[in-house]
Each structure stands twice: as structure tokens, then as C-alpha cells.
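Note sheet for the following structure.
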Amino acid sequence: MTATGDVRAQLTGPGGPFEVVTEVVNGIEMKVYKDRMPSLREVPKAAINRGDQDFLVFGDKRWSYADFVRQANGVAHALARDAGVGHGDRVAVLSANNPEWCMAFWATVDLGAILVGLNGWWKTDEILYGLDDSGSKVLVADAKRFERIADQLDQAPGLEHIYLIDGDPADYDDPRIHPFADLMGEPSDEFPDTEIAEDDPAVIFYTSGTTGRPKGAISTHRNMVANLQNTLFNSIASVMANPQTSPLDSQGGQTVGLLTSPLFHVSGCHSSLVVGMIAGVKLVIPEGRFDPDHALQLIQDEGVTIWATVPTMVWRVCEHPARHDYDTSTVTSVAFGGSPSADELQRKVRETFPNVTSTSNAYGLTESSSVATVISGPDAQERPDSVGPPVPVVDLAIVDPDGNEVPQGQTGEVLIKGPIIMPGYWNKPEATAETVIDGWLHTGDIGYLDEDGFLFITDRAKDMIIRGGENIYCVEIEQRLVEHPSVADAAVIGVPHDELGEEVKAVVQVVADGSITEQEVQEWVAEALANFKVPAYVELTDDKLPRNASGKLLKNVLRGEGEVSFSETM
């Protein structure tokens with residue numbers, strides 16, 4: 001029996017706890033869960049009843065479910081009272097993972113407002129763009145990241161209030177700046193009573209853009225509740241099919257999760273913070289930058305049972321020379337999304353975490369509000385290169401360049417449909433129309449379905465690099481490079497990396513009689529773009545870069561995958 005067979009039918013069939021029916025949603029017929037929460041506000045309403053059970057652990061701070069929800073309610077009331085935040089208003093968060101990020105999220109969505117998760121690695125121009133593009137009226141930030149824009153707040157006139165998680169507002173000559181503590185003075189049992197519709201936006205998370213600027217992907221309450229139910233279904237189905245994979249400890253205690261994915265990613269927010277709250281998980285958040293020693297120490301001290309993160313972090317822990325100095329025996333489940341899970345990584349996971357009974361991998365996008373497919377248990381061992389079958393309320397299609405479905409086993413572009421698909425990009429109707437067509441999300445990924453409906457991702461149609469779980473569109477870096485007076489042309493490609501998946505390489509054509517060094521290329525990119533977009537490798541050349549007759553860069557040639565063909569140059 002597998003989670004993709006009898007168990008799936010039992011859970012999703014008539015009368016099942018995850019019964020799936022067909023409805024028309026915004027003009028699109030799709031599969032949905034018959035019984036579902038009307039909004040995310042129902043999650044903390046249920047969670048507050050867990051009382052003194054641990055919810056968040058962060059350094060020496062520990063929040064019970066009841067204390068956290070009451071505090072988040074207080075923050076919501078304060079945002080409404082002091083900052084005028086109401087239905088549909090945008091509240092941006094620019095911070096490392098911490099309890100304040102979590103409180104800002106729940107306070108905002110419970111008000112019917114929209115949480116804007118700004119990438120914590122962004123530089124000044126990127127942050128200012130995100131604030132302006134989203135029209136955020138409130139910013140919640142930690143001091144380290146706020147410093148990147150502190151002297152350019154005149155370029156963010158739409159901000160009415162800024163709340164600093166740490167640091168001293170008195171250091172800045174701006175009456176808009178307050179301590180986040182001002183929002184925390186009056187915890188409350190009372191939830192906001194703003195009306196929230198299923199299709200109201202809940203968050204805006206930015207994705208790298210094919211045109212050089214990030215796009216704000218909207219997740220609605222419907223999207224995030226569907227992802228929540230999909231994740232719960234996956235967990236329950238996996239345990240029913242393989243009882244030994246339960247994430248509970250041997251005494252049947254509380255599930256403990258290590259939250260290392262950034263909260264400004266759908267994996268961290270949608271699938272860890274939101275799902276963790278409804279599932280009664282104790283979420284342990286490391287302080288500061290990810291460090292394998294610190295992660296292993298927390299696993300030992302807090303008795304972590306599940307860890308869902310990006311492959312990069314798993315590799316770093318599993319290859320850490322001191323990993324066997326820590327007690328990792330409580331960990332029973334490790335999940336890593338972002339790229340297909342290699343046999344070697346699964347082997348290292350089992351060698352590092354001796355009691356792991358389940359490894360899983362998932363596939364999804366910001367535009368799909370997290371997980372669209374998932375694979376775990378014996379299926380993951382039998383098909384290590386697959387990202388699994390679709391979750392119950394998702395349909396997949398594989399199409400050719402003309403949009404026609406291809407036969408089973410043939411490759412084509414992966415399309416996704418269901419209640420997890422975003423309604424669109426914030427204020428970008430043209431980009432939305434190109435990406436979501438008749439309810440189908442065109443992912444830009446190339447793959448195929450096997451005879452059992454398992455998805456295999458083989459390539460990307462979009463000019464994109466995935467580095468450590470971060471999507472990087474090459475055009476954004478290329479546009480920055482050619483702005484340098486010594487650069488005549490530039491191409492950016494991905495090169496394989498064992499730990500990160502891919503690294504960024506720039507091939508730069510230097511102008512005639514010009515001069516630029518590899519380090520100067522890297523510094524030029526670093527001035528404007530996040531560090532993860534800075535090329536790790538730079539190749540300088542005086543020769544023209546290979547292009548076809550229409551001017552398109554022939555990146556297959558730059559990767560050494562082939563010569564320029566007649567058809568490419570004509």
C-alpha cells in the first residue's frame with residue numbers, strides 16, 4: 001500500500017477527511033477540498049487552544065501557542081490603531097527569521113491586510129523597488145537590513161510607519177520610525193473581525209524577473225489554505241502507508257521542526273510557519289546566519305524530529321566534520337525541496353541521522369504557493385530523481401511549444417492547475433497573462449510524467465539558475481553587467497556545484513581598449529544586486545559572444561554543450 005494508491009483514495013474519496021470535489025473558482029473548473037477553512041485567521045483561532053504547548057523557540061526566548069497568538073492579536077490591533085492598517089493594505093517585512101517576523105505575518109493576514117515578504121539578501125535598490133512596487137505603508141525591519149535603506153528613506157515616501165525589531169529609533173532623524181515593541185504592549189484574546197474572502201490576497205513574495213526586475217507573486221487565503229491541507233494530507237498519507245515514518249518521537253511527544261528556510265520564501269512561510277501552527281509543531285528558529293554547528297546543537301538540545309529545508313543546508317550539515325559529535329537520533333524525517341534529491345544526498349542523510357525513516361522531496365514555485373508535487377518514503381527510494389505525483393487538488397500537464405499535451409513519458413513544459421495557483425503578479429497584468437493561461441501556470445520547467453503520474457524535472461525553459469534554493473534570472477545580472485563602461489556584452493550561465501546545486505558564472509566581453517578585472521566585475525554586480533547573484537566565476541574575453549541571427553545568446557555554446565549550428569545562425 002502506498003500514499004499514491006489506496007491510502008490516497010481513502011483520504012480523498014467521499015466522506016474522507018480530505019474529500020476532493022470539483023468546483024468553479026473564478027471561472028476555472030478545478031479540484032478543491034470540500035471542507036476547508038474560509039481564511040488563514042482560522043489557523044490561530046484553532047491554535048490558541050493548545051495553551052502552554054511550545055510553539056516558537058528562538059535563542060533564550062520561548063513562546064507557547066497561547067502566548068504567541070495573544071501577542072500576534074495585540075500586534076494586529078496596534079497596527080490597526082496606530083498605523084491605520086486595514087483590509088488590503090500592505091505591510092512589508094525585511095528581516096532575518098525571528099518571532100517578530102512571525103508575529104507581523106499573523107497580525108497582518110488576520111487583519112485582511114497583505115504581508116509583503118522582502119528578500120533579506122536584497123541590496124538597497126532592490127529593497128526600495130520592492131517597497132515602491134508593493135505600495136507598502138508599513139515596514140517591519142531588523143537593524144542590519146534597515147541600514148541598507150536608512151539614508152535613502154526619501155525614496156520611500158509611501159512608508160507611513162517603520163517598526164524596528166532591534167536597534168534604537170532615536171539613531172534616525174525620522175518621526176516614522178518606532179520600536180516594534182510599541183506594537184506588543186497589549187496582548188489580546190480578541191481576534192480582528194475584518195471580513196476576509198477566500199480570494200483576498202494574503203501575501204506578496206517576490207520572484208526574480210525575466211525582464212530584470214522582480215515580480216510580486218500573490219498568494220491568496222485560498223492558495224495558502226489549500227497548501228496547508230495538501231501538506232497535512234501528505235504527512236498523514238505517508239504515515240498511514242508507512243507507519244514507521246511518523247515524525248513523533250518514541251514516546252509520542254510533540255513534533256519538533258527546525259525552521260531554517262527563509263520566511264520570505266513560500267517554503268518557510270507557507271509550508272513551515274502556517275502548517276506548523278495548525279499541526280501543533282514546536283518550531284525552532286536558529287539565530288543569525290545558517291551555521292551547521294548551531295543547527296546540530298539545536299537538533300540535539302531541542303530534540304528536533306523533522307527538518308524541511310533546501311538541499312544546500314542539508315549538504316552542509318551532512319558533510320560537517322563534527323556531525324557525529326552531536327546527538328541526532330531524534331530526527332526521523334528530512335525533506336529537501338528545490339532540486340531533485342540525488343542518491344548520494346539521501347545516503348548522507350541516513351548516515352548523519354541514523355533514525356531517519358523518511359526522506360522527501362517536493363516541487364513547487366512561489367507562483368504555486370509552495371508544494372505542487374511531493375515524494376517520500378519508499379517512493380523516494382525507488383524514484384530518487386522524481387519530485388513525485390501531484391498533491392490531491394493539483395492537475396499537471398506536459399505540453400509542447402504549441403501548447404499541446406504530449407504523450408506519457410515525453411518531455412515538455414510543466415503546467416500546473418489548482419487552488420494553489422496565484423491569481424497573478426502584483427500590478428503586472430501583462431506578466432500574469434503570459435504566465436497563467438486559462439488557470440494553468442506555465443512553470444518554464446521541462447519534465448515528463450511516468451506511467452504512475454510521477455513528475456520528473458529534466459531542464460528549465462526559462463533562463464534561470466537555482467543557487468541554494470534561490471531562483472536567479474540571468475537577464476537581471478546581464479543587464480547590470482552591460483551598464484559598466486568597460487563591458488561590451490555579457491552572458492550569465494549556471495555551472496554545477498555539489499552543495500549549492502548551481503553557481504553563477506559570467507562571460508564578459510571587454511570593450512576594445514578597455515580594462516576590467518574579475519574582481520571588479522564581481523564588485524560591480526555586488527553594488528546593486530544581492531550577494532547570491534554575484535558571479536562566483538568570471539571569464540573575460542575580447543571576442544564577441546556567440547549569438548544567432550536574431551541576436552539571442554547561444555548559451556549552449558558557452559556551456560560547452562555544442563557548436564553553433566547552421567539553423568542557429570541563420
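Per residue, the accessible area of the chain comes to 40 Å² when a 1.4 Å probe rolls over the protein heavy atoms. Under the criterion of Cα pairs below 8 Å and six or more residues apart, the relative contact order for segment 79-215 equals 28 percent. Counting Lys and Arg as +1 and Asp and Glu as -1 over every other residue whose Cβ lies under 14 Å from the Cβ of residue 267, the net charge comes to -2. To make sure I understand the rule: partners must be lysines, Cα under 27 Å from the Cα of residue 137, and not fewer than 8 residues away in the same chain. Which ones qualify? Straight-line reach from residue 137, under 27 Å: 45, 123, 215, 428. With K and R counted +1 and D and E -1, the other residues having a Cβ less than 13 Å from that of residue 221 yield a net charge of -3.
Using a cut-off of 11 Å between beta-carbons, work out the net charge of the residues near residue 15 (Lys and Arg +1, Asp and Glu -1, residue 15 not included).
Working: positive: 34; negative: 19, 35.
Value of the local net charge: -1.
Restricting to bridges with both residues inside the chain, how much of the DSSP beta-bridge set is antiparallel, in percent to the nearest 5? Show your work: numbers first, answer last.
On the way: 57 of 94 bridges.
Bridges in the chain are about 60 percent antiparallel.
Given +1 at the Cβ of Lys and Arg, -1 at the Cβ of Asp and Glu and no other charges, the dipole of segment 7-86 around its Cα centre is 20 debye to the nearest 20.
The alpha-carbon of residue 34 sits under 18 angstrom from the alpha-carbons of these lysines, leaving out residues fewer than 8 places away in its chain: 417. With the charge dipole of the chain set up from +1 on Lys and Arg Cβ and -1 on Asp and Glu Cβ about the Cα centre, the Cα lying farthest toward the positive end among the listed residues 194, 107, 290 is that of 194. If only the Cβ of Lys and Arg carry +1 and only the Cβ of Asp and Glu carry -1, the dipole of segment 47-204 around its Cα centre is close to 320 debye.
Taking 20 Å as the straight-line reach from the Cα of residue 31, the aspartates and glutamates in range (excluding those fewer than 8 positions away in the same chain) are 6, 19, 23, 198, 199, 200, 367, 395, 405, 438, 452. Accessible area of residue 207, 1.4 Å probe, to the nearest 10 Å²? We get 20 Å² for residue 207.
Hey, any idea what % of the chain's accessible area is carbon plus sulfur with a 1.4 Å probe? Each step should come with its number before you reach the end.
Values: 10740 of 23020 Å².
Here it works out to 47 percent.
Treating r as the C-beta distance of residue 519 and residue 324 and R0 as 45 Å, the FRET efficiency rounds to 0.70.
How much length is gained if the chain between residue 528 and residue 511 is pulled fully straight, taking 0.36 nm per residue apart and subtracting their Cα-Cα distance, in nm to one decimal? Intermediate values should be presented prior to the final figure.
Numbers: separation 17, 0.36 × 17 = 6.12 nm, distance 2.14 nm.
Gain in length upon complete extension: 4.0 nm.
The tail of the calculated P(r) for segment 252-349, taken as Cα-Cα distances beyond 24 Å, holds 16 percent of the pairs.
This structure gives percent of Cα pairs over 41 Å apart, computed directly, and of [x] 22; [y] 27; [z] 32 that value is listed as [x].
Projecting the Cα atoms of 156, 118, 175 onto the charge dipole of segment 94-178 (Cβ charges, centred on the Cα centre) puts 118 farthest toward the positive pole. Taking Cα centre as origin and charging only the Cβ of basic (Lys, Arg, +1) and acidic (Asp, Glu, -1) residues, the dipole magnitude of the chain rounds to 900 debye.
If I take all pairs of Cα atoms in segment 295-394, what percentage of them are more than 15 Å from each other? Mind dumping the intermediate values first?
Values: 2955 of 4950 pairs.
The share of Cα pairs beyond 15 Å in segment 295-394 comes to 60 percent.
Arranged from highest to lowest average of other beta-carbon atoms within 10 Å per residue, in what order do the peptides 497-503, 167-173 appear? Show your work: numbers first, answer last.
On the way: 497-503: 17.6, 167-173: 12.7.
By packing density, highest mean first, the sequence is 497-503, 167-173.
Peptides 426-437, 141-152, 126-137 ranked from most to least packed, by the mean per-residue count of other Cβ atoms within 10 Å: 126-137, 141-152, 426-437. Over all Cα atoms in segment 387-529, the spread is summed up by Rg and Dmax: 18.9, 60 Å.
With contacts taken as Cα pairs under 8 Å and at least 6 residues apart, the chain reaches a relative contact order of 12 percent. A helix-only calculation puts the chain at -7500 deg cm²/dmol for mean residue ellipticity at 222 nm, using -39500 (n - 2.57) for each DSSP H run of at least four residues, averaged over all residues. Can you compute the label reach from residue 81? Point 7 Å from Cα along the Cβ direction, backbone N cut-off under 19 Å, restricted to segment 101-130. Taking a point 7 Å out along Cα→Cβ of residue 81, the residues of segment 101-130 whose backbone N falls under 19 Å are 103-113. For segment 368-452, relative contact order (Cα pairs under 8 Å, six or more residues apart, normalised by length) works out to 29 percent.
Looking at the calculated P(r) for segment 104-212, what percent of the C-alpha pair distances fall above 16 Å? Working shown, then result.
On the way: 3698 of 5886 pairs.
Percentage above 16 Å: 63.
Translational diffusion of segment 4-114 was estimated from the Stokes-Einstein equation, with Rh taken as the Kirkwood radius over Cα pairs; at 4 °C and 1.567 mPa s the coefficient is 78 µm²/s.
The values are calculated or read from the model by the stated rules, or taken from the named source; none is laboratory data. Treat the numbers as computed from the prediction; the structure is a model and nothing was measured. Quick reminder, even Gly has a Cβ in these numbers, built from the backbone with ideal geometry, and neighbours come from all protein chains shown. In case anyone asks, the SASA skips ligands and DNA or RNA and just uses the protein heavy atoms, side chains included. Shrake-Rupley method; radii C 1.70, N 1.55, O 1.52, S 1.80 Å.
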